[in-house]
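Heads up, the thing below is written out as structure tokens.
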Amino acid sequence: MEIRKNSDNSITVEGYVNAICRDSKQLHDSLKGNFVEQVMPKVWKRALNNAEDVRILFNHNEKRDLGGIKDGNLQLSEDAIGLKVKAVINDEEVRNQAEKGKLTGWSFGFSTNRDSWEKINDD
């Protein structure tokens, strides 16, 4: 993730939200146990083609909406690596966190239309 301060006191944040075809860190579900997620190629492209808008939230908090595609401050695209993002953010707290080096990565929320599960080892 790259963060740049702009002349208008906003920041531009660029990087990848998710890499395709790579296992996530290990997660846990009370019913299914431990698992990892993996996003397949073209999933993000299809999702973006079907989306009316995508919002960027600070720490998944809907009360901390930082903008979106329709607002013109969020650009998302899928390439050979994964979901690439460029966001221009004016929020004071986010700018302060960036200046202190406390913005360390992205997270995303999603729902699936279909998924598949396979056991790959004893865990």
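The values are calculated or read from the model by the stated rules, or taken from the named source; none is laboratory data. All figures in this text were calculated on a predicted structure; none of them were measured in a lab. Methodologically, a virtual Cβ is constructed for each residue, glycine included, from the backbone with ideal geometry; neighbour enumeration extends over all protein chains shown. Surface areas here come from the heavy atoms of the whole protein model, side chains and all, with no ligands, DNA or RNA. Shrake-Rupley method; radii C 1.70, N 1.55, O 1.52, S 1.80 Å.
Any idea how far apart Asn6 and Arg55 come out in nm if each label point goes 7 Å out from Cα toward Cβ? Label-label distance for Asn6 and Arg55, simple model: 2.1 nm. A full extension of the chain between Ser77 and Arg64 corresponds to an added length of 2.4 nm, given 0.36 nm per residue minus the alpha carbon distance. The candidates Asp79, Asp8, arranged from most to least accessible area with a 1.4 Å probe in the full protein assembly, appear as Asp8, Asp79. Here volume of the Cα convex hull per residue in Å³ was computed from the coordinates, and among [x] 117; [y] 128; [z] 139 the match is [z]. In summary, the lysines within cross-link reach of Lys25, defined as a Cα separation below 18 angstrom excluding same-chain residues under 8 places away, comprise Lys119. Solvent exposure of the chain amounts to 75 Å² per residue of accessible area, where only protein heavy atoms count and the probe is 1.4 Å. Cut-off 17 Å, label point 7 angstrom out along Cα-to-Cβ of Phe35: give me the residues of the stretch 1-29 whose amide nitrogen falls inside. Taking a point 7 Å out along Cα→Cβ of Phe35, the residues of the stretch 1-29 whose backbone N falls under 17 Å are 21-29. Take the Cα of Arg46, go 7 Å toward its beta carbon, and the backbone nitrogen atoms of the stretch 99-123 under 15 Å from that spot belong to 111-117.
So what is Rg over Rh here for the stretch 1-43, counting just Cα atoms and using Kirkwood for Rh?
Rg/Rh: 1.24.
Inter-part distance, the stretch 80-123 to the stretch 1-57, computed on C-alpha centroids, equals 4 Å.
Shown for the chain: the carbon plus sulfur share of the solvent-accessible area, taken with all protein chains present and a 1.4 angstrom probe, equals 44%.
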